[in-house]
Structures are given as C-alpha cells and as structure tokens.
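Have a look at the structure below before the remarks.
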Amino acid sequence: MAPTRPLDLVIFGGTGDLAMRKLLPALYHLHCDALLAPDARIVGVARDELDDAGYRALSSEHARRFLGRDFRSEDWESFSTRLVYAPVDALQADSFAALTRRLDERADGPRVFYLSTAPGLFSAICRNLDAAGLIGADSRVVLEKPLGHDLASSRRINDEVGRHFGEEQIYRIDHYLGKEPVQNLLALRFGNALIEPLWRREWVRDVQITVAEQVGVESRGDFYDRVGAMRDMVQNHLLQLLCIVAMEPPASINPDAVRDEKLKILRALRPFTPGDVAARSVRGQYRAGASAGQPVPGYVDEPGIARESATETFVALKAEIDTWRWAGVPFFLRTGKRMQEKVAEIVINFRAVPHSIFGVPASPLHANRMVIRMQPEETVDLHLLAKQPGDVMQLQPVRLNLDFAEAFRSRRLEAYERLLMDVMRGNLTLFVRRDEQEAAWRWVEPILAGWEQSGERPKPYTAGTWGPSASSALLSRDGLCWHEEI
Ligand code: NAP
C-alpha cells in the first residue's frame, strides 16, 4: 500500500550513476504501480547548476537506456512531474539554502535523505543539513555502501552521522536483503513447520553462498583497487546473507527482533587465527582470459589499477558458527569478478539419507539441496529424488519450485524498489544496524590483516573461470565441492 503522507525524497548524488541506473528507475516503477504517495517528490541534489527542466531531461535520457522496454513516454511524463532539483555543494554550508528553498515549498511531511555520494561526503552532508534546520523528528537518512574501509573508519562515519540522526532514523542499505528470494527464505523458514526441524547441524551438511560477477572492474578501477572483494562484497553482502540463513527464529518481524538475531550470528562466527587465514581462506586476482567468448585483460592491465597491485578480486572462505545449531557445519563464502558466470545464490546442502534401500549406496551427490538464487534469475528450488515413471524403481533428481512465481502473478519488486518502499514506510527490518556492521568488520579484519602479514600475493586465476584451484581445494579437504562442480 502506498504511504499517504506527502514525502520529499532527497537524493544527494542525484545525477550520479546509482541514482540514474537504480534509484530513479525503481521510483518510476513504484510510481507506475501507484505505490508512491500522490504528492511525493524526488529532489535531485548535486553540484551541477541545473533547473528542474534540465534535471528531468537528464533523467529521461538515462531512463530510456536503463528502463529499456519498461520506458513508456506517457508514464515517464507523469512520473517526471515529481522530479525537482536543487544545486548544492555538500561541502559548502551556504549552498544548502537552495535545498531549504525547495523543501520549504511544501507542508511538513517526512523527509528522506538518500546519500548516494562518496562516503567522504556523508559527514558534511549531515552537518550542513542539521545546520540548515532541515532534519526533523520524522526525517530519515539512507546510507549507501561502502561504509568505511575498516572498523575504525566505519565507526567514524557512524559517529559523524549519529551526531545528527538517531539510530532509528538511519537506513544502511544492503540491496541483497531486498531481493525477493531472500525474503522468501524468511517466509519458508519461519512460516512453515516443515523446514525448521531440518535447518540445523543434524541435517545440513554445508552451506555455500556465492556472489559471482562476470564483469571485471569496469570504470571503477581506481575505487576497486583501494577496496578489493573482501571489503566490497564479503563484509556486507555475503555476511548479511549468511545471517539470514543462520539466524534463530526472531520473536517477530520487528526490526530489532530480526537484527538482534543477525547480530548473534555475527558474534558467533569463529574468529580467524593467523593459522586459519592460510587454511580457511583463499584470495585471488584474475589474469587475462575470456569472458562471454571475448578476450579480456588481466586485473593489473585494467584502467586505474596499479601494475603491482595485490588487491584481491576473488575471495573464498570457510566460516564456522559456534552455536548449538550450527557447530561443525561449514559455511563457504565465495565472491569474485571475471568469473565464469554471473550467479548469486545460497545453497543449503542437506545430508544424504543414512541408508539407501534402493540397491545403490546413498550418495551426497543425490542428497537434498535447497538453492536460493538471486541472479541471474530469482528462484527457490528444492532438489529431491523421485521415482522415474515406469515399471522399475529408478530414482531421478527433480527440482521442486518453491518460489511459486506461477501462483503469485503480481509483479515482483526489484530490490531497490522494496527497500525504497520500506524507507518511505519507516520500516527498518531489512536495514543493517550499526552494531551488526561493526561486528562484521570485527570478523573480517583479522583475515585482511593475515593476508597483509603473510606478504603473499593473491593467487592468479584465469578470467572466465571459477577462481583459483585453491578454492576447490578448500572444499575438497572436507570431501565437498562447489555447487557447479556437482
Ligand atoms: P557517481 O556516479 O560518481 O556520482 C556521484 C554523485 O555525487 C554525482 O551526482 C555528483 O554530482 C555528486 N557529488 C559529488 N561531489 C559532490 C558534492 N561535493 N556535493 C554534492 N554532490 C556531489 O557515483 P555513484 O556510482 O552514483 O555512487 C554513489 C555512491 O554509491 C558511492 O559511494 C558508491 O560507492 C555507492 N554505490 C554505487 C553503486 C552503483 O551501482 N553505482 C552501487 C552500490 C553503491 P556532481 O559532481 O555534479 O556534484
């Protein structure tokens, strides 16, 4: 249901890539589905001296490209009446007068400040908003990643933002949490009695979480070389997905009930000792190879990358959770650039039956598996063995679709659409709380430090593969293999 109160959504970085590629298209879809409050406005903010017409023209040009077939001139026309613009330099307090004028144009309503800029500007933006008197009790601020480079810098950002906004006003976005299959996993786990008894060490053999990209660093080389896969993907997205899989049933779907349970998991992650870093982690860097049939350069030959760069473009980890539910169950996390396929998935591998009555030995290869896919398609499948029709008892693996896309014919919301709706409704459940974020940094830091102290370079892998061979070895030591190797 659409929020009814008039609302101003102010996008700092309103002319940037994220705003044009994700935020405005998401808002356009919400508008078309009548999910925006009738008077809701979107206020683009950046340094460019544009007027409203200029901002609408710029947005429309990008929207045609990013919305593709979903761009309908008539709908865009009506959507774009919501778009207004204020030229503001985040670093110049006096330039906030332009934003004040725009926000003063209408009666009071909630204000959402979406900070889609480099995090180096967050502090100045919050300080200057406060100084201009633009933050009210029902204002909210949305923070995009990366929130810091390590625990100390993330604390600094949180402290700075926290001087002007209460924690209950801060929405730290992790768009993987907004994806439909992740939501569905919550529904399946906590809405059904069937799954919960199996969701534990007695029946789960291992969990694999993969976020693999086919692309390289694209035009973000300069940024990526200072960050790497661990900070860009593992510290936030992969650990958040791990929490959703592993958390205990919360008492309710209330934000803090859910976030308390996620925090307990982050705190129960077994810390890596220096010895574990060598034994339980793999970092890699791609060399020249082929992607989608085309030759592609190696990482150090990409624009903006230092020739001797030791930044990892691939990480695989064996994580362990020290709780009664999960003791002894490995959680394998893997992410990389220039991988063979673009895949984001969670695989829950169940144990094989204790004894096969069908003449063939019970095999882990035929054990049940739940696959929650976020990319390239959004699906939830349960892999079972069933009898092949016919006169002999022959078993065959089959996939049971658990996302029921056919049953629910309504359009699925894209992750940013859902998360923007939640911000507008004031629902924090799918947003990361400060203590979660800091606990994630606390777990990741010793691994980063171990890599640095080892002096070893990341292991090379050919672009267009599944990463260094050490990644497969990480699982084969436990007699396991990655999902795609089955
Ligand atoms: P971008 O394309 O470089 O856009 C930056 C935006 O900030 C522009 O609108 C820019 O406009 C504005 N800006 C820069 N300095 C400013 C200042 N002093 N005052 C006011 N506005 C200023 O960056 P992006 O790709 O959109 O990314 C934005 C943030 O989101 C980054 O932190 C990024 O890491 C994060 N993020 C991006 C993506 C993505 O898909 N792009 C995904 C996840 C997270 P002017 O220069 O005209 O002022």
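The values are calculated or read from the model by the stated rules, or taken from the named source; none is laboratory data. The model shown is predicted, which means the values in this text are computed figures rather than measured ones. Note that each Cβ is placed from the backbone with ideal geometry, even for glycine, and that neighbours are counted across all protein chains shown.
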Inset, instruction - Find the strands (runs of 3 or more DSSP E) located wholly in the range 308-386 whose residues include 3 or more that are at positive phi, and list them. - result: none
Legend entry - Residues (assigned to a helix (DSSP H, G or I) and either exposed (fewer than 15 other Cβ atoms within 10 Å of the Cβ) or not hydrophobic (A, V, I, L, M, F, W, C) (or both)) located in the range 263-286: 264, 267, 274, 275, 276, 278, 279, 280
Inset, instruction - Examine the range 430-438 for a residue that is surrounded by fewer than 13 Cβ atoms within 10 Å (Cβ to Cβ) and of a type outside the set (Phe, Trp, Tyr), and state whether such a residue exists. - result: no
Legend entry - When residues of the range 2-20 are limited to those that are touching a residue at least 24 places away in the same chain (Cβ under 8 Å) and exposed (fewer than 15 other Cβ atoms within 10 Å of the Cβ), the one farthest from the ligand (Cβ to nearest atom): 4
Inset, instruction - Scan the range 76-110 residue by residue and report those that are within 29 Å of the chain's Cα centre (by Cα) and modelled with pLDDT under 95. - result: 110
Legend entry - Matching option when the condition is at pLDDT below 90 and either over 24 Å from residue 209 (Cα atoms) or in contact with a Leu (Cβ under 7 Å, 6 or more places away or on another chain) (or both), among 396, 388: 396
Legend entry - Considering residues of the range 153-169 that are more than 16 Å from the ligand (Cβ to nearest atom) and under 22 Å from the mean Cα position of the chain (by Cα) only, the residue surrounded by the most Cβ atoms within 10 Å (Cβ to Cβ): 169
Legend entry - Selection within the range 235-261 - under 19 Å from residue 171 (Cα atoms), surrounded by 14 or more Cβ atoms within 10 Å (Cβ to Cβ) and more than 15 Å from the chain's Cα centre (by Cα): 255, 256, 258, 259, 260, 261
Inset, instruction - Could you list all residues from the range 187-218 that are β-branched (Val, Ile, Thr) and touching a strand residue (DSSP E or B) at 6+ places or on another chain (Cβ under 9 Å)? - result: 195, 204, 207, 209, 210, 211, 215
Legend entry - Top-ranked residue in the range 190-234 [being more than 24 Å from residue 244 (Cα to Cα) and of a type in the set (A, V, I, L, M); ranked as surrounded by the fewest Cβ atoms within 10 Å (Cβ to Cβ)]: 215
Inset, instruction - Using the structure shown, decide if residue 34 is out of contact with any helix residue (DSSP H, G or I) (no Cβ under 6 Å at 6 or more places or on another chain), hydrophobic (A, V, I, L, M, F, W, C), assigned to a loop (DSSP other than H, G, I, E, B) and surrounded by fewer than 18 Cβ atoms within 10 Å (Cβ to Cβ). - result: yes
Legend entry - Subset of the range 31-45 [away from the ligand (no atom under 15 Å from the Cβ), among the aliphatic types (A, V, I, L, M) and either touching a Phe, Trp or Tyr at 6+ places or on another chain (Cβ under 9 Å) or over 20 Å from residue 175 (Cβ atoms) (or both)]: 34, 36, 37, 40
Legend entry - Members of the range 11-31 that are in contact with a helix residue (DSSP H, G or I) (Cβ under 7 Å, 6 or more places away or on another chain) and of a type in the set (A, V, I, L, M, F, W, C): 11, 12, 20, 23, 24, 26, 27, 30
Inset, instruction - Write out, first by first residue and then by second, each pair whose Cβ atoms fall under 8 Å of each other, whose residues are 6+ apart or on separate chains, and whose first residue, in the range 100-119, is within 16 Å of residue 170 (Cα to Cα) while the second is of a type in the set (Lys, Arg) and outside any loop (DSSP other than H, G, I, E, B). - result: 110/140; 111/140; 112/140; 113/140
